[in-house]
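A quick write-up on the structure given underneath.
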Amino acid sequence: DGGFGGGQGNKPIKRIGELESTCYVCERISRNFENMVDTAVYLWQTDEEFAPKLKAQPYFCLPHYRKLLSYGQRRLGKRLQPEFAKQCSAVVEKYMDELREDVSWFCKKFDYRYEAEPWYNSKDAVERAFKFLRSDLHNK
């Protein structure tokens, strides 16, 4: 019965638990993503056209930002890693500054003095800030 049948004590429960902790698809996606991050760091190091593309990103979510920094530390060494970290940090800090401004404006809009002012990009600022901070930017 493939190890799932009843009457075998804890064996089926243990086997199902083992299967739940692994997933072929998730493992493949994770491994491929790790390779992509490693490739991004490699390209930053070896292809002068890649750095401007990295800088032009609108944001990195926190888990991917951490992975970039981690792979940069492993691959680039003490000489290049600080510049790589600085460029990645600039992307994240720029996005955080935009969020901060949008959330601030969102709050001001509830003050009667700003009632007639436009919302600009602040209508969903609180939601975007939560998504960024909980690393959920990719989910709509």
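The values are calculated or read from the model by the stated rules, or taken from the named source; none is laboratory data. All figures in this text were calculated on a predicted structure; none of them were measured in a lab. Neighbour counts are summed over all protein chains in view; Cβ atoms, including those assigned to glycine, are modelled from backbone coordinates with ideal geometry. To get the accessible areas, we keep the full protein, side chains included, count just its heavy atoms, and leave off ligands, DNA and RNA. Shrake-Rupley method; radii C 1.70, N 1.55, O 1.52, S 1.80 Å.
Details
- Estimated FRET transfer efficiency when R0 is 35 angstrom, pair ASP47-ALA116 (beta carbons, to 0.05): 0.10
- Over the chain, dividing the summed -39,500 (n - 2.57) contributions of all DSSP H runs of at least 4 residues by the number of residues returns a 222 nm mean residue ellipticity of -23000 deg cm²/dmol.
- Longest exposed-site-free window of the chain, the sites being GluC sites (Glu not before Pro) in a DSSP loop that have at most 11 other C-beta atoms within 10 Å: 50-114
- 19 Å tail of the calculated P(r), the chain, as % of Cα pairs: 66
- Listed residues LEU76, MET36, VAL103: farthest to the positive end of the dipole of the chain (Cβ charges): LEU76
- Heavy-atom accessible area for ARG31, with the other protein chains in place and a 1.4 Å probe, reaches approximately 130 Å².
- On full extension, the segment bounded by LEU19 and ARG66 gains 14.1 nm, given 0.36 nm per residue less the C-alpha separation.
- Cysteines (scope the chain) whose Cβ has no counterpart Cys Cβ under 4.7 Å: CYS61, CYS88, CYS107
- Annotation: extensible slack from ASN32 through ASN10 equals 4.5 nm (criterion: 0.36 nm per residue apart, minus Cα-Cα distance).
- Using 0.36 nm per residue and subtracting the Cα-Cα separation, the extra length available between GLU93 and CYS107 on full extension is 3.0 nm.
- Nearby lysines by direct alpha-carbon distance to LYS55 (threshold 29 angstrom, same-chain neighbours under 8 apart not counted): LYS67, LYS78, LYS86, LYS94, LYS123, LYS131, LYS140
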